[in-house]
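The values are calculated or read from the model by the stated rules, or taken from the named source; none is laboratory data. Keep in mind that this is a model prediction, so the values were computed, not measured. Here the Cβ is made from the backbone with ideal geometry for all residues, glycine too, and neighbour counts use every protein chain on show. Areas reflect the complete protein model, heavy atoms only, side chains present, ligands, DNA and RNA absent. Shrake-Rupley method; radii C 1.70, N 1.55, O 1.52, S 1.80 Å.
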Amino acid sequence: MSLTGLTAHELSELLRKREISSTELTERHLDLINALEGKINAFVTVTGEDALKQAREIDERRARGEELPPLAGIPAALKDNMCTKGVKTTCSSNILYNFIPPYDATVTEKLSAAGAVIMGKCNMDEFAMGSSTENSGFAPTRNPHDLRAVPGGSSGGSAASVAAGEVVFSLGSDTGGSIRQPASFCGVIGLKPTYGYVSRYGLIAFASSLDQIGPFTRDMTDCALVMNAIFGHDPKDSTSAPVEVPDFTGFLKDDVKGLKIGIPKEYMQSGIDPQVAVAVKKAIEKLEELGAFCEEVSLPHTEYALPAYYIIAPAEASSNLARYDGVRYGLRVEADDTISMFNETRSRGFGEEVKRRIMLGTYALSSGYYDAYYLKALKIRTLVKQDFDEAFKKFDCLLTPTSPTSAFDFGEKADDPLSMYMSDICTIPVNLAGIPALSLPFDTVNGRPVGLQLIGKAFDEGTLLRVAYTLEQNTDLTRPKPDLEGALQNGKQS
Ligand code: GLN
């Protein structure tokens, strides 16, 4: 029996019945990581020894007759911007190439408590800035569905590791689309929670008012199980919401009868690949056939969201990244005096895109420009949120494409930051508004997956789970499988 490619809930059942052990499961996944990493490069660090140790502990607890939670013994991975005590955490940046955190992020602690087996840390665009993982300070990740294509970004490694079967689920972070867009490109599910629903403690900050951690999974049941494990109030994060967390599996209902789903017209207009639009229309027809009401709605400030984001996110980043100066931790390039040391460290440690954002942000916050740019962007942020508030008076959720296109080729947008920024045009407004959204694979275009985005009211992830689960149960379009034979053959040769 092939153990890679199954879902957490399927594997959990096999583990519970003792048909397999977690050690065996971990070994099979490590074998696949070894065979594929030369081609995919989803990981910055693989923690094989630690993973086997965790797996053996889970097997021992099970042998003693302990009842274990559903993710116990299941191989998982974390984006390399989530702190792991004693394990290198780099943000795929040369400036943190040697940083070993002395503490765990809250999500790391929560996954350990749930018994998940952490296989390693995933590659990403440096400091989560990018949409293709080509900005990794080390080497890019490849898309398991087509090695010529990017996996999306910035959580490209987390998405690719799940799509390739190297792990069963993973966590990514989403500031403007970095969970949903790579999920869409790699044909897996990705959820960005409501701002404040998952703790950011120990997540290395990019833009603190936008960043959220969320899961990548192969099906909706796994998505709910991972949400159960990582959501919840955390006193260590002052922006964490003090709300009760429901059992998310309770929302997995095959029923959309009577639900009102809005189709924002601004998201279906310029720049959307016609084949992506066809996939979205197919989903709308299916939902109507299953009893939902779908109707066009307008979110008039959508076109201003991207420019506002590219003021707010860099502004916050310029402040958050001021701490990397060669003094406290990470890279230090020695020089004759302190100022030269700061300069050399930052100029060699940060990549081009990160420097671009720091300059943009510093400029937007400087006196004289603050009102013209930053304050104005904040006002737009409010208007974008009001558009959603208005739409949710009438609709239970909204449906859009996740990204205007399927995965693009390596190099296609690398020299054109603006066209790269555009690939998040459908996801960015959601972060500005702080609301939840999920990307569900739905069909493929020339072998490359397409994602549907479902957007919900704050703290109403449940409706998104319900709609996505219904589509999953009633179509065979939500689980595109990559053909990795070629990569495996080549992997063996190289
Ligand atoms: N691609 C967007 C950016 O470069 C979003 C990144 C993210 O969500 N971390 O800023």
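Using packing as a proxy for protection, rank 396-405, 281-290 so that the peptide with the highest average count of other Cβ atoms within 10 Å comes first. The partial results should precede the final answer.
Values: 396-405: 24.8, 281-290: 16.2.
Output ranking for 396-405, 281-290: 396-405, 281-290.
Given the C-alpha centroids of region 173-205 and region 309-387, what is the distance between them in whole angstrom?
21 Å
Which FRET efficiency value, to the nearest 0.05, is calculated for Ser319 and Ser340 with the Förster distance at 30 angstrom and r the Cβ-Cβ distance?
On the way: r = 23 Å, r/R0 = 0.77.
For Ser319 and Ser340, the calculated efficiency is 0.85.
Stokes-Einstein at 25 °C, 0.890 mPa s, Kirkwood radius from Cα pairs: D for region 168-313 in µm² s⁻¹? Spell out each step's value before the answer.
On the way: Rh = 17.4 Å.
The diffusion coefficient I find is 141 µm²/s.
Compute the distance in nm between two label points, each set 7 Å from the Cα along the Cα-to-Cβ direction, one at Thr382 and one at Asn98.
4.8 nm
So if we plug the beta-carbon distance of Tyr329 and Glu57 into 1/(1 + (r/R0)^6) with R0 = 41 Å, what FRET efficiency do we get, rounded to 0.05? Mind showing how you got there, number by number?
Values: r = 30 Å, r/R0 = 0.74.
After rounding, the FRET efficiency stands at 0.85.
Rounded to the nearest 500, what is the 222 nm mean residue ellipticity of the chain from helices alone, with -39500 (n - 2.57) per DSSP H run of 4+ residues and division by all residues? If you can, show how the numbers build up before the last one.
On the way: 16 runs with 193 residues, N = 494.
After summing the helix terms and dividing by residue count, I get -12000 deg cm²/dmol.
How many angstrom separate the Cα center of region 46-79 from the Cα center of region 147-170?
22 Å
State, to one decimal in nm, how far the label point of Glu49 lies from the label point of Lys394, with both points 7 Å from Cα in the Cβ direction.
6.1 nm
Keeping all protein chains in place, calculate the accessible area per residue for the chain (probe 1.4 angstrom), answer in Å². List each step's numbers first, then the result.
Values: 18770 Å² over 494 residues.
Normalised by residue count, the accessible surface of the chain is 38 Å².
What's the extension gain from Arg348 to Lys17 if we count 0.36 nm per residue and subtract their Cα-Cα distance?
Numbers: separation 331, 0.36 × 331 = 119.16 nm, distance 5.30 nm.
So the chain would gain 113.9 nm between Arg348 and Lys17.
Please report, as a whole percent, how much of the solvent-accessible surface of the chain comes from carbon and sulfur atoms (probe radius 1.4 Å). Can you show the working numbers first?
Values: 9430 of 18770 Å².
Answer for the chain: carbon and sulfur cover 50 percent of the accessible area.
Cβ neighbours within 10 Å, averaged per peptide: list 367-374, 381-388, 14-21 in order, most packed at the top. The partial results should precede the final answer.
Working: 367-374: 12.5, 381-388: 18.9, 14-21: 15.0.
Final packing ranking: 381-388, 14-21, 367-374.
With just the Cα atoms defining each centre, how far is region 206-228 from region 1-33? Give it in Å.
22 Å
For the cross-link pairs Lys355/Lys385; Lys79/Lys394; Lys236/Lys355; Lys121/Lys481; Lys379/Lys413, which exceed 25 Å when the distance is taken from alpha carbon to alpha carbon?
Numbers: Lys355/Lys385 29 Å; Lys79/Lys394 37 Å; Lys236/Lys355 30 Å; Lys121/Lys481 23 Å; Lys379/Lys413 30 Å.
Listed pairs above 25 Å: Lys355/Lys385; Lys79/Lys394; Lys236/Lys355; Lys379/Lys413.
Pulled fully out, how much extra length does the chain show between Glu67 and Thr475, if you take 0.36 nm times their separation in residues and subtract their Cα-Cα distance?
Details: separation 408, 0.36 × 408 = 146.88 nm, distance 3.43 nm.
Length gained between Glu67 and Thr475: 143.4 nm.
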